[in-house]
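Asker: The structure under discussion is supplied below as structure tokens; questions concerning it will follow.
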Amino acid sequence: MPATSPSPLNERAGIEKSIDSLIALMTLDEKLGQLSQFSGFAAVTGPGAIEANMDDVRKGRVGSFFNVTGVAEVRRLQKAAVEETRLHIPIVFGLDVIHGARTVFPVPLAEASSWNPAAVQEAARIAALEASAYGISWTFAPMVDIARDPRWGRITEGSGEDAFLGSVMAAARVRGFQGSSLRDPTSIAATAKHFAAYGGAEGGRDYNVVDVSEGRLREVYLPPFRAAACAGVATFMASFNEISGVPAHANRWLLTDLLKKEWGYDGMVVSDWTGIHELIPHGVAKDSADAARLGINAGVDMEMVSRDYAHALPDLLQRNVVQISAVDEAVRRILRLKYRLGLFDDPYRGLDSARVTRDVLTPANRLAARKLAQQSVVLLRNERNTLPLSKNLKTIAVIGALAADSGATIGAWGGMGRHTDAVSVLDGIKAAVSSRTRVTYERGGDPVKRDSSRFRAAVNVARNADAVILVLGEPAGLSGEASSRSMIDLPGSQLELAQRVKSLGKPIIVVLMNGRPLAIPWLAENADAVVESWFLGIEMGNAVADILFGDVNPSGKLTATFPRNVGQVPIYYNYRRTGRPPDERNHYTSKYLDVPWTPQYPFGYGLSYTSFTYSAPRLTSNTMSPGDSIGIEFTLTNTGARPGEEVVQLYVGDEVGSITRPVMELRRFRRVALRPGQSGVIRFDLSANDLAFYNAQMRRVVEPGFFRIFVGGNSRDVKDARFELRTPTSGSVEVGEPCGSFVRYDR
Ligand code: NOJ
């Protein structure tokens with residue numbers, strides 16, 4: 001290490017010089033090696049994995065491994081790469097560390113429900129700390145895909161339906177994984193995935209096509225990617241889907257013109273699993289050579305799992321179909337990642353079995369997971385203050401197969417998580433109650449199959465209990481990759497189970513475990529309390545008990561709308577206006593005949609054991625010009641009997657635009673803690689950037705006219721105010737897309 005660190009500019013220049021010299025020495029075979037990523041010898045997370053052998057490693061044909069874990073294994077492979085290859089180029093080891101490594105945190109959709117970017121950042125930091133100890137330098141996270149369709153199983157991996165919240169969470173996760181410097185051996189490189197619009201899959205069917213206008217792409221799907229890029233994300237992953245006929249892996253406009261040129265992104269783009277080869281079944285490549293040509297020319301730098309680059313590029317180069325400059329550019333970006341991670345100085349960065357013992361699954365890490373889990377719980381219903389429960393009840397009945405399933409707490413992408421580390425909901429409840437309380441348990445049947453064989457037993461335990469807790473929902477495998485559902489109600493016979501138990505006439509408390517918004521109209525009307533607890537990670541049981549017994553007051557808010565039934569999908573809060581807005585009294589309006597047009601639970605919704613009231617918003621002025629900002633103040637009061645935290649939300653609506661505008665869009669939020677009776681004045685400032693949108697010419701502008709400000713505890717129950725934006729020429733003013741706009745979420 002030099003005595004003084006070089007300035008960022010010098011460091012950058014130094015890295016580029018080293019890359020130049022290295023590329024000058026590399027054979028084509030070695031270059032193609034850098035472009036190749038193999039899945040490791042153990043885990044496979046997709047079809048058709050081709051394993052590299054040690055000979056490939058020694059010949060420099062492996063740029064990256066993923067799914068290789070364990071200190072010894074990583075060391076063995078890295079040692080061969082740096083000691084036995086001709087140019088000693090280290091391998092970069094990746095893994096899907098999505099919501100924790102060994103200390104598993106809530107699934108990302110749940111984490112987002114905390115609306116607490118600082119805590120989400122901390123979760124990613126801990127994940128990086130743990131993963132790096134095992135020699136992992138790169139995670140394929142965060143997934144920043146906006147999802148407005150709960151049938152899509154991967155909605156669980158993202159932050160929900162909103163581009164603004166998604167951007168804030170994207171930046172927070174990147175900062176957490178990457179820390180203050182990628183060179184720090186406890187930092188790991190992050191990946192913004194899946195670029196782009198993967199969440200827009202038609203019908204919510206995974207891997208399906210997406211047809212989206214450039215306007216919607218820029219307004220809805222791209223902002224979290226831009227936010228991740230602005231936060232310095234080291235890599236991007238191309239998405240499996242096509243956009244309007246062009247698969248992302250062949251989309252030069254997306255990967256090169258937009259990402260690398262318009263955004264000036266100098267990081268690396270990795271394919272998704274066999275994404276290059278899948279250009280053949282997509283029907284845009286006739287063979288492997290065609291797929292390689294399309295991929296490299298589009299700007300995919302590293303090929304995950306399939307081998308089209310390595311096999312076909314030599315001939316394509318020979319025939320001048322692909323230029324060596326395209327290969328060199330891809331190699332440059334991959335080497336840049338390795339330099340930035342400090343792998344050339346210390347190829348074993350982070351890797352340390354002592355650290356595994358010291359830094360992994362520590363009480364502090366578990367505590368962070370428990371706290372974030374508490375904040376991720378969303379209280380959907382609580383009639384007559386059914387909750388919280390006393391810890392001194394004589395008997396509590398817990399019913400439902402998921403209650404005792406510690407593995408289910410982990411959800412999709414468990415990283416290195418183990419179900420033996422996890423606290424099930426049943427165990428969490430048992431640990432929380434007093435020694436005088438008896439907790440009885442009945443499985444109640446299979447959670448997925450039609451099964452009423454245990455209904456009677458369930459009714460019996462409920463009959464003898466002072467409180468009945470039904471743990472219902474989806475086993476973890478029903479969400480995540482390749483886990484789309486056409487129905488989003490409770491699977492199996494769980495609804496009937498709840499109905500049978502309810503027929504006893506006792507209050508029922510439902511704890512939901514699920515990876516997506518569910519359609520639960522009966523529960524929403526008939527359960528006495530509904531606690532949305534998602535998959536909260538290894539501390540799930542403790543966190544749920546903290547909420548059920550009132551040690552913690554729930555404060556999470558939904559980040560994806562809950563529909564009344566699947567037929568309402570897609571349903572999201574920031575819809576654009578139509579010429580015939582829904583009106584129940586007017587037949588010829590945009591609605592359904594058989595279900596209200598409104599959701600079951602709107603975006604931003606979540607209850608507390610206390611109550612909050614909002615004053616009307618007060619503005620610092622009735623007018624604003626594009627160079628100014630406008631202040632919005634309102635008073636929030638805790639009008640209940642318990643201390644609580646409220647996630648206050650501010651939305652903006654543009655009354656008239658040159659194109660139709662969403663009815664409202666989230667622009668600020670903040671968690672506010674108040675004691676009973678306490679009031680706080682909340683202030684937010686908005687600038688022109690918060691009012692801007694892409695017009696028909698794809699220019700990001702603000703247009704003069706009236707805007708509404710809405711404040712409230714969810715997107716439905718809001719109070720509003722109005723102001724006018726005046727521009728000097730009375731025309732629109734271009735705003736651009738400054739990076740800063742994505743991190744100023746709480747001012
Ligand atoms: C396919 C998934 O789409 C992607 O998210 C993941 O990172 C890779 N497989 C690697 O496991």
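Asker: If you take the residues in region 60-72 that are in contact (Cβ under 8 Å) with a residue 40 or more places away in the chain, crowded, with 17+ Cβ neighbours inside 10 Å and more than 16 Å from the ligand (Cβ to nearest atom), which one is farthest from residue 95 (Cα to Cα)?
Answerer: Step by step, filter region 60-72, then rank; the result is 61.
Asker: OK, next. Where the second residue is open to solvent by 10 Å² or more (accessible area, probe 1.4 Å) and aromatic (Phe, Trp, Tyr) and the first is closer than 20 Å to residue 202 by Cα and modelled with pLDDT of 95 or more and lies in region 244-255, which pairs have Cβ atoms under 9 Å and are six or more apart or on separate chains?
Answerer: 246/253; 247/240; 248/240; 249/240
Asker: Hey, another quick one. Hey, which of the strands (runs of 3 or more DSSP E) in region 579-659, taking only ones fully inside, have at least 3 residues that are surrounded by fewer than 20 Cβ atoms within 10 Å (Cβ to Cβ) and small (Gly, Ala, Ser)?
Answerer: Details: elements: 612-614, 629-638, 644-654.
Output list is empty.
Asker: Looking only at region 350-361, which residues are more than 13 Å from residue 132 (Cβ to Cβ) and assigned to a loop (DSSP other than H, G, I, E, B)?
Answerer: Once the filter is applied, which keeps residues that are more than 13 Å from residue 132 (Cβ to Cβ) and assigned to a loop (DSSP other than H, G, I, E, B), region 350-361 yields only 361.
Asker: Right, here's the next one. Under 6 Å between Cβ atoms, which residue pairs at least 6 apart in sequence (or on different chains) link something in region 36-59 that is under 17 Å from residue 275 (Cα atoms) and near the ligand (Cβ under 10 Å from one of its atoms) with a partner that is in a loop (DSSP other than H, G, I, E, B) and modelled with pLDDT under 70?
Answerer: Pairs found: 39/49.
Asker: Continuing with the same structure: I'd like the full set of residues that are open to solvent by less than 10 Å² (accessible area, probe 1.4 Å) and either within 16 Å of the ligand (Cβ to nearest atom) or over 26 Å from residue 420 (Cα atoms) (or both), limited to region 495-518.
Answerer: First pass over region 495-518, keeping only residues open to solvent by less than 10 Å² (accessible area, probe 1.4 Å): 497-498, 501, 508-518.
Correct list: 497, 498, 501, 508, 509, 515, 517, 518.
Asker: Can you tell me which residue is least open to solvent (accessible area, probe 1.4 Å) among those in region 261-277 that are away from the ligand (no atom under 16 Å from the Cβ) and acidic (Asp, Glu)?
Answerer: Once the filter is applied, the top-ranked residue is 266.
Asker: Would you check which residues across region 278-289 are open to solvent by less than 30 Å² (accessible area, probe 1.4 Å) and touching a strand residue (DSSP E or B) at 6+ places or on another chain (Cβ under 7 Å) and list them?
Answerer: Hit for region 278-289 is 279, nothing else.
Asker: In region 382-396, what residues are basic (Lys, Arg) and open to solvent by less than 70 Å² (accessible area, probe 1.4 Å)? Working first, answer last.
Answerer: Step one: of region 382-396, the residues basic (Lys, Arg) are 384, 391, 394.
Within region 382-396, 391 is the sole residue that qualifies.
Asker: Taking into account only those residues within region 151-164 that are surrounded by 24 or more Cβ atoms within 10 Å (Cβ to Cβ) and in contact with a strand residue (DSSP E or B) (Cβ under 6 Å, 6 or more places away or on another chain), which is nearest to residue 411 (Cα to Cα)?
Answerer: Within region 151-164, the match that is nearest to residue 411 (Cα to Cα) is 157.
Residue by residue, here is whether (1) at pLDDT 95 or above; (2) part of a helix (DSSP H, G or I); (3) under 19 Å from residue 81 (Cα atoms); (4) of a type outside the set (Gly, Ala, Ser) holds:
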residue: 17; (1), (2), (3), (4): yes, yes, no, yes
residue: 20; (1), (2), (3), (4): yes, yes, no, yes
residue: 30; (1), (2), (3), (4): yes, yes, yes, yes
residue: 37; (1), (2), (3), (4): yes, no, yes, yes
residue: 43; (1), (2), (3), (4): no, no, no, no
residue: 46; (1), (2), (3), (4): no, no, no, no
residue: 52; (1), (2), (3), (4): no, no, yes, no
residue: 61; (1), (2), (3), (4): yes, no, yes, yes
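Asker: Would you please name the residue that is surrounded by the most Cβ atoms within 10 Å (Cβ to Cβ), looking only at residues in region 184-196 that are within 14 Å of the ligand (Cβ to nearest atom) and in a loop (DSSP other than H, G, I, E, B)?
Answerer: If we filter region 184-196 for residues that are within 14 Å of the ligand (Cβ to nearest atom), which is where we start, we get 188-196.
Retained after the next criterion (residues that are in a loop (DSSP other than H, G, I, E, B)): 188, 190, 196.
Details: 188: 34, 190: 30, 196: 29.
Top of the filtered list is 188.
Asker: Can you tell me which residues in region 235-260 are open to solvent by less than 10 Å² (accessible area, probe 1.4 Å) and either within 16 Å of the ligand (Cβ to nearest atom) or assigned to a loop (DSSP other than H, G, I, E, B) (or both)?
Answerer: Going through region 235-260, the residues open to solvent by less than 10 Å² (accessible area, probe 1.4 Å) turn out to be 235-239, 241, 247-249, 254-255, 258-259.
Across region 235-260, the qualifying residues are 235, 236, 237, 238, 239, 241, 247, 248, 249.
Okay, residues lined up against (1) touching a Pro at 6+ places or on another chain (Cβ under 8 Å); (2) of a type in the set (Ser, Thr, Tyr); (3) in a helix (DSSP H, G or I):
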site: 269; (1), (2), (3): no, no, no
site: 281; (1), (2), (3): no, no, yes
site: 286; (1), (2), (3): no, no, no
site: 295; (1), (2), (3): no, no, yes
site: 325; (1), (2), (3): no, yes, yes
site: 329; (1), (2), (3): no, no, yes
site: 343; (1), (2), (3): yes, no, no
site: 348; (1), (2), (3): no, yes, no
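Asker: Quick one: in region 337-370, which of the residues that are among the polar types (S, T, N, Q) and more than 20 Å from residue 72 (Cα to Cα) is surrounded by the fewest Cβ atoms within 10 Å (Cβ to Cβ)?
Answerer: Step one: list which residues in region 337-370 are among the polar types (S, T, N, Q), which gives 353, 357, 362, 365.
The next check asks that each one be more than 20 Å from residue 72 (Cα to Cα); those that pass are 362, 365.
Numbers: 362: 16, 365: 24.
So the residue we want is 362.
Asker: Go over the candidates 181, 132, 167 one by one and state the one that is more than 16 Å from the ligand (Cβ to nearest atom) and free of Cβ contacts under 8 Å to residues at least 60 places away in the same chain. Even if it seems obvious, please write down each step before you answer.
Answerer: Numbers: 132 fails: free of Cβ contacts under 8 Å to residues at least 60 places away in the same chain; 167 fails: free of Cβ contacts under 8 Å to residues at least 60 places away in the same chain.
Among 181, 132, 167, only 181 is more than 16 Å from the ligand (Cβ to nearest atom) and free of Cβ contacts under 8 Å to residues at least 60 places away in the same chain.
Asker: Tell me which of these residue 202 doesn't satisfy, since it passes every other one: (1) touching a residue at least 12 places away in the same chain (Cβ under 8 Å); (2) open to solvent by 10 Å² or more (accessible area, probe 1.4 Å); (3) more than 14 Å from the ligand (Cβ to nearest atom).
Answerer: In the conditions (1) touching a residue at least 12 places away in the same chain (Cβ under 8 Å); (2) open to solvent by 10 Å² or more (accessible area, probe 1.4 Å); (3) more than 14 Å from the ligand (Cβ to nearest atom), residue 202 misses (1) alone.
Asker: Going by what's in this entry, would residue 226 be described as surrounded by 24 or more Cβ atoms within 10 Å (Cβ to Cβ), over 26 Å from residue 484 (Cβ atoms), out of contact with any Leu (no Cβ under 7 Å at 6 or more places or on another chain) and among the charged types (D, E, K, R)?
Answerer: Values: surrounded by 24 or more Cβ atoms within 10 Å (Cβ to Cβ): yes; over 26 Å from residue 484 (Cβ atoms): yes; out of contact with any Leu (no Cβ under 7 Å at 6 or more places or on another chain): yes; among the charged types (D, E, K, R): yes.
Spelling it out, residue 226 is indeed surrounded by 24 or more Cβ atoms within 10 Å (Cβ to Cβ), over 26 Å from residue 484 (Cβ atoms), out of contact with any Leu (no Cβ under 7 Å at 6 or more places or on another chain) and among the charged types (D, E, K, R).
Asker: Within region 79-127, track down each residue that is aliphatic (A, V, I, L, M), away from the ligand (no atom under 16 Å from the Cβ) and part of a helix (DSSP H, G or I). Please lay out each step first, then the result.
Answerer: To start, the set of residues in region 79-127 that are aliphatic (A, V, I, L, M) comprises 80-82, 87, 89, 91-92, 95, 97-98, 101, 104, 107, 109-110, 112, 118-120, 123-124, 126-127.
This time we only want the ones that are away from the ligand (no atom under 16 Å from the Cβ), so: 80-82, 87, 89, 91, 104, 110, 112, 118-120, 123, 126.
80, 81, 82, 110, 112, 118, 119, 120, 123, 126, listed by residue number.
Asker: Further question on the same structure: Could you list all residues from region 199-213 that are assigned to a helix (DSSP H, G or I) and charged (D, E, K, R)? Working first, answer last.
Answerer: Taking region 199-213 first, the residues assigned to a helix (DSSP H, G or I) are 199-200, 202-204.
Result: 202, single match.
Asker: Something else: Going by what's in this entry, would residue 315 be described as closer than 21 Å to residue 193 by Cβ and without any contact (Cβ under 8 Å) to a residue 60 or more places away in the chain?
Answerer: Working: closer than 21 Å to residue 193 by Cβ: no; without any contact (Cβ under 8 Å) to a residue 60 or more places away in the chain: yes.
No, not satisfied.
Asker: Continuing with the same structure: Exactly one condition in (1) on the phi < 0 side of the Ramachandran plot; (2) of a type in the set (Gly, Ala, Ser); (3) open to solvent by 20 Å² or more (accessible area, probe 1.4 Å) is not met by residue 415; state its number.
Answerer: Failed condition: (1).
Asker: Output the residue which, of all residues in region 428-457 that are within 22 Å of residue 507 (Cα to Cα) and touching a residue at least 60 places away in the same chain (Cβ under 8 Å), is surrounded by the most Cβ atoms within 10 Å (Cβ to Cβ). Full working, then the answer.
Answerer: First, the residues of region 428-457 that are within 22 Å of residue 507 (Cα to Cα): 428-430, 432-434, 436-445, 447, 452, 454-457.
Those left that are additionally touching a residue at least 60 places away in the same chain (Cβ under 8 Å): 428-429, 432-433.
Working: 428: 26, 429: 28, 432: 20, 433: 19.
Per the stated criteria, the residue is 429.
Asker: Name every residue in region 660-684 that is in a loop (DSSP other than H, G, I, E, B) and polar (S, T, N, Q), in order of residue number.
Answerer: To start, the set of residues in region 660-684 that are in a loop (DSSP other than H, G, I, E, B) comprises 660-661, 663-664, 675-678.
Correct list: 660, 678.
Asker: Looking at residue 153 and the list (1) more than 13 Å from the ligand (Cβ to nearest atom); (2) under 29 Å from residue 520 (Cα atoms); (3) under 13 Å from the mean Cα position of the chain (by Cα), which single condition is not satisfied?
Answerer: Residue 153 satisfies all of (1) more than 13 Å from the ligand (Cβ to nearest atom); (2) under 29 Å from residue 520 (Cα atoms); (3) under 13 Å from the mean Cα position of the chain (by Cα) except (1).
Asker: Taking region 205-229, which residues are away from the ligand (no atom under 16 Å from the Cβ) and of a type in the set (Lys, Arg)?
Answerer: 216, 218, 226
The values are calculated or read from the model by the stated rules, or taken from the named source; none is laboratory data. Keep in mind it's a predicted model, so treat the numbers as computed, not measured. Reconstructed Cβ throughout: ideal geometry from the backbone, glycine too, with neighbour counts over all protein chains shown. Note: areas computed on protein heavy atoms with side chains; ligands, DNA, RNA excluded. Shrake-Rupley method; radii C 1.70, N 1.55, O 1.52, S 1.80 Å.
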